[in-house]
1. Quick check: is even one residue across the stretch A:116-134 in contact with a strand residue (DSSP E or B) (Cβ under 6 Å, 6 or more places away or on another chain) and without any contact (Cβ under 8 Å) to a residue 60 or more places away in the chain?
2. I need the full set of residues from the stretch A:167-186 which are under 18 Å from A:ILE113 (Cβ atoms), at the interface with another protein chain (Cβ under 8 Å from one of its Cβ atoms) and either surrounded by fewer than 20 Cβ atoms within 10 Å (Cβ to Cβ) or among the aromatic types (Phe, Trp, Tyr) (or both), in order please.
3. When the residues of the stretch B:48-79 are narrowed to those that are crowded, with 20+ Cβ neighbours inside 10 Å and over 17 Å from B:PHE245 (Cα atoms), which ends up farthest from the other protein chains (Cβ to nearest Cβ)?
4. Within the stretch A:406-423, is even one residue under 21 Å from the mean Cα position of the chain (by Cα) and buried (at least 16 other Cβ atoms within 10 Å of the Cβ)?
5. Scan (1) closer than 19 Å to A:GLY38 by Cβ; (2) out of contact with any Phe, Trp or Tyr (no Cβ under 7 Å at 6 or more places or on another chain) for the single condition A:MET390 breaks and write down its number.
6. Of all the residues that make up the stretch B:38-65, how many are in contact with a Phe, Trp or Tyr (Cβ under 8 Å, 6 or more places away or on another chain) and among the charged types (D, E, K, R)?
7. Are there any strands (runs of 3 or more DSSP E) wholly within the stretch B:125-241 with 2 or more residues that are away from chain A (no Cβ under 14 Å), surrounded by fewer than 17 Cβ atoms within 10 Å (Cβ to Cβ) and among the small types (Gly, Ala, Ser), and if so which?
8. Every residue in the stretch A:313-339 that is more than 18 Å from A:ARG436 (Cα to Cα) and free of Cβ contacts under 8 Å to residues at least 40 places away in the same chain, please.
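The values are calculated or read from the model by the stated rules, or taken from the named source; none is laboratory data. Keep in mind the model is a prediction, meaning the values are calculated, not measured. Cβ: placed from backbone, ideal geometry, glycine included. Neighbour counts: every protein chain shown.
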Amino acid sequence: MKTLANIALRNLSRQKRRSILLGSAIAFGVMIVTLINGFAGAFSENVSENFSNLMAGHIFLSGSEKEAGGKELSVIRDDSALTAAVKASGAPVKYITRRSAFTGTLIFEGKKIRTNVDGADLEQETFLRERLLLKKGSWDAMTEAGALILSEKIAAKLNVEVGDRILVQMQTVTGQNNVGEFTLAGISYDAGIFGQMMSYANLAYVNELLGLKPGEYQTMGLMLDGLKHTEKSASDIYAGLSESVQLFTRGEKDENGAQTPFQALLKQQKKESWEGVRYRLFTINEVLSQVQQIVAALDTTAAVILVVLFVIIMVGITNTFRMVMFERIGEIGTMRALGVQRGGVRSMFLLEAVFLALGGAVVGILLALVAMSIISLINFGMNSPAFILMKNGHLSFYLPPLKAIGNILVIAALTLVAVASPAGKAAKLTPAEALRTSK
Amino acid sequence: MKHILRVAVLGIALASIAATGAFAQDVPRIIAELDRLGDFSGSDFAAIYTIVSQKPGEKDSVSQVRMFRRDDKKQFTLLVILPEVNKGQGYLREDDNVWFYDPTSRKFSFSSIKENIQNSEAKNSDLVRKSILEDYQVVGSKEGMLGKIAVWIIDLKARTNDVSYERVVMHVRKDKTMLLKEEDFSVSGRLMRTTLFPKYVEISGRLMPSQILIIDELNPGERSQMTMTEQSLAGLPDKVFTKAFLEQVNK
């Protein structure tokens, strides 16, 4: 076998140009597929982490209070049981955020836009200043009660400048119409489609507009020391909370994928009845579980590309090895005459193909790693419209080792299939027939 | 002479106080009468409302809805006739639940009585029975003029948070109980919309506004004019107030 392997390697080096061309084709295909796999690998984590920053937490707690008339109010009036459960869970909490929010229509001089406004306690949420870069205006102006920060795109649609007074039409937690007046304190860099999630005002004023009292709020966000702690910490906090407050059952993913666990949680709320306040706990992963579907779609795309590229490459390999067989027909005859069996000839061809595939695949993966390193050095900035897909403004990649090994095995298998026919024909040649055939 | 003057002034003052007191006592009666005029309990009500909405820089849009009401059971069905693109959409109310039906997806979704009709300034709640006495308390009342017409100006504050507007100011004609103007205020006290009722029709001895002009006070230039036609108090089949009806009319 070792001799056959040596002959296979020697045969590859005899036709350097041909081997390099075939290897390059394999390497190119592997590189493309590896890049897609690497992007998909980091996509989920990047999106989740960036959303965690936007939503100010990895784990969220919100309350639904049932009024005497049956109306449900989204409010947390007393969070002592919640904070106690968080503390008792030992979760690695970096900081806790307390926010209220509404969706309303911003109106300025005949122009209007519907958007979400988050009320944040900016004295507590100091990290927001570091993360949200302002293009115009300043954070200092946010000390004014009715101050507002809008993203660049929304500010442009309303045609507002820093200092302008903007009306907002919205509803209180009980559903009554209300009107507020904001003063634009700052304009943040555009965040693409997520610009509508980046309007910030003071918690106290948002509470006033919503009809909530000072100290009350709607959602508690727990920012952990990394996304990886999310699920365990959520389970621990949920277990602790179930002993002290009423809780909605945590959302479970629909089997057919029609709804996210978060949607399932909200649906449950509509079906059930309760008295007093019932809390819901959800994680960033549950809110973004559809991101996993995008990752699966990317991986499927990569697999399809892998197959399509290799069907094309396989045709090339089959043709090349057919030519090789005819070129070496005399050599095959000599080897057969010297006692090499049919299986030996077949193995020689197959080994040659496997070496070619492995070489091409390894080079492809190495090229992909180099490309990933170079691409990830480019700083697109935190103001990039695609920032949600990036890690601190850089495109990042993560290639799961098993996926890389899987790709190599698939390529090796496909190459073996491609060479099986010429190798079989070569093996079937009798020594006399082979020696008689002239090229 | 001075004595006569004093007596006259005192007399006028006493008469004004008495009149004001009498008016104050009359306010609940006026509101009860307004409630009665808009209440079709004991019979069904149907009409077609045509809503013309004006927005600056945009072409006027026309919406038309057919409304079926059964106030006894707090039911209504509202069927969109125009614009053509939304034809077949509908709202169904039973007690406090309101569903919206979309014929494209053939699905019902939860909606609200506070939702605007199509893209107009009119809300579902504008077309259904309201009980002002139940929903609001009188916090002020005075006499005034609306153009050349003498009116009672009644200031109302919401008793519950179930209503769309926290404060409502009504201008009611003095010589016969007709609501001529209504101003709706936000929780923060800002005037949000003004509704004018320039035309009335008489249906079975009760006056109903046949033309309503709703002015959006937050968005200058935005207004909707609602005209009521084909009004009827004839009995309606029960199936009109079912989900199946909305599905059926789209087949």
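1. yes
2. Result: A:LEU167, single match.
3. Filtering the stretch B:48-79 for residues that are crowded, with 20+ Cβ neighbours inside 10 Å and over 17 Å from B:PHE245 (Cα atoms), the one farthest from the other protein chains (Cβ to nearest Cβ) comes out as B:TYR49.
4. yes
5. Evaluating A:MET390 over (1) closer than 19 Å to A:GLY38 by Cβ; (2) out of contact with any Phe, Trp or Tyr (no Cβ under 7 Å at 6 or more places or on another chain) leaves (2) as the failure.
6. 1
7. B:136-146
8. A:ASN319
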